[in-house]
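Working notes, structure below.
The values are calculated or read from the model by the stated rules, or taken from the named source; none is laboratory data. This one's a predicted model, so the numbers in the text were calculated from it and none came from an experiment. Ideal geometry is used to build each Cβ from the backbone, glycine not excepted, and the neighbour counts take in all protein chains shown.
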Amino acid sequence: MEPPKKLVPKFFDNTAATYDKIVSWATFGKDNHWKNTMINQIPKGNAFLDLACGTGILTRKLAQRFPNSNVVGIDITPSYLEMAKRNSSSFQNISFIHQDAEELNLDAKFDCIVSSYIPKYCDHKVLTKICIEHLNSSGRIILHDFTYPQNRLVRSLWNAYFVVLGLAGNLVPEWKEAFSELPKLIRSTTWVADYEEEMKKSGLDVRCQYLTWHSSAILVGIKNNN
């Protein structure tokens with residue numbers, strides 16, 4: 001299998017127009033629940049950063065929950081950023097920037113940095129370091145992504161579902177490669193353990209929450225004042 005980051009253009013260069021519908025349909029609506037659970041991990045804040053913001057689903061949730069804050073969304077794929085801008089035109093507290101998360105260079109620090117679905121594509125050491133450099137004291141990093149279920153029955157259902165999803169790719173050709181390659185990537189990734197270890201090495205307090213029969217997880221790293 002190719003390095004995970006090389007899959008990004010294959011998965012996302014031509015899928016911005018249909019992403020919101022596909023991610024809701026393919027996760028049986030759980031994507032909305034997962035993102036709401038992420039938002040509920042944030043007690044307060046004035047400045048937020050959404051890494052790999054895509055079409056801005058999570059970015060807008062942040063802006064709605066914290067209407068007096070400044071929210072920045074960054075993404076590596078121009079077509080997704082354009083869709084995010086279009087979908088977020090009614091929000092005055094959101095701005096979008098074209099950047100690679102692993103090369104992030106913003107002259108700003110944030111109370112909370114969030115990202116949904118980015119961990120499995122990135123180098124955990126690089127991304128953790130970049131996030132901490134852009135984090136205020138007592139700030140937090142909240143990462144969410146898919147995980148491969150551990151329960152045998154759930155795993156069997158998960159595997160069967162992705163077989164069906166792979167066949168469904170014939171009906172939506174622009175998603176065919178993503179539906180085919182994504183399960184391989186999810187099975188192989190060790191993102192939870194990798195980021196948890198790196199965050200702890202960097203002095204963050206870390207907690208992990210598994211969701212929906214361990215098919216996804218939220219990892220929270222909180223920066224100490226010390």
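Kindly evaluate A193 against the criterion of being farther than 20 Å from L7 by Cβ and assigned to a helix (DSSP H, G or I). Taking the combined requirement at face value, the residue satisfies it.
In the range 149-186, what count of residues is obtained for those that are over 18 Å from W25 (Cβ atoms) and either crowded, with 17+ Cβ neighbours inside 10 Å or of a type in the set (K, R) (or both)?
First, the residues of the range 149-186 that are over 18 Å from W25 (Cβ atoms): 149-156, 159, 181, 184-185.
Imposing the further condition that a residue be either crowded, with 17+ Cβ neighbours inside 10 Å or of a type in the set (K, R) (or both) reduces the set to 149, 152, 155, 181, 184-185.
Total meeting the criteria: 6.
Listed by first and then second residue, the pairs with beta-carbon distance under 7 Å, at least 6 apart or on different chains, first residue in the range 116-129 and more than 24 Å from R60 (Cα to Cα), second modelled with pLDDT of 95 or more, are D123/E102; H124/W191; H124/D194; H124/Y195; H124/E198; K125/E198; V126/E102. Note on the range 91-132: among residues that are of a type in the set (F, W, Y) and over 26 Å from L7 (Cα atoms), the one that is surrounded by the most Cβ atoms within 10 Å (Cβ to Cβ) is F110. Look at the range 161-180: where a residue is without any contact (Cβ under 8 Å) to a residue 24 or more places away in the chain and a partner is part of a helix (DSSP H, G or I) and acidic (D, E), sitting 6+ places away or on another chain with Cβ atoms under 9 Å, you get G169/E177.
Of the residues that sit in the range 66-123 and are basic (K, R) and out of contact with any helix residue (DSSP H, G or I) (no Cβ under 8 Å at 6 or more places or on another chain), which one is farthest from P43 (Cα to Cα)?
Taking the range 66-123 and keeping what is basic (K, R), we get 85-86, 109, 120.
Those left that are additionally out of contact with any helix residue (DSSP H, G or I) (no Cβ under 8 Å at 6 or more places or on another chain): 85-86, 109.
Working: K85: 26, R86: 29, K109: 17 Å.
My answer is R86.
Applying a threshold of 8 Å to beta carbon distances and a minimum spacing of six or more residues, or different chains, the list of pairs starting in the range 31-58 at a residue that is modelled with pLDDT of 95 or more and buried (at least 23 other Cβ atoms within 10 Å of the Cβ) and ending at one that is assigned to a helix (DSSP H, G or I) and basic (K, R) reads G56/K85; L58/K35.
Close contacts from the range 61-88, counting a first residue that is buried (at least 20 other Cβ atoms within 10 Å of the Cβ) and a second that is assigned to a helix (DSSP H, G or I) and among the charged types (D, E, K, R), with Cβ to Cβ under 7 Å and a gap of 6+ residues or different chains, come to S88/R60.
Applying a threshold of 8 Å to beta carbon distances and a minimum spacing of six or more residues, or different chains, the list of pairs starting in the range 198-219 at a residue that is farther than 16 Å from I42 by Cβ and without any contact (Cβ under 8 Å) to a residue 60 or more places away in the chain and ending at one that is buried (at least 16 other Cβ atoms within 10 Å of the Cβ) and among the hydroxyl-bearing types (S, T, Y) is empty. Which of (1) in a strand (DSSP E or B); (2) without any contact (Cβ under 8 Å) to a residue 60 or more places away in the chain is the odd one out, the single condition S137 does not satisfy? With respect to (1) in a strand (DSSP E or B); (2) without any contact (Cβ under 8 Å) to a residue 60 or more places away in the chain, S137 is out only on (2).
Exactly one residue out of W158, W191 is at pLDDT 95 or above and over 29 Å from N105 (Cα atoms), and it is W158. So, L62, is that one in contact with a helix residue (DSSP H, G or I) (Cβ under 6 Å, 6 or more places away or on another chain) and at pLDDT 95 or above or not? When the stated conditions are applied, L62 does not pass them.
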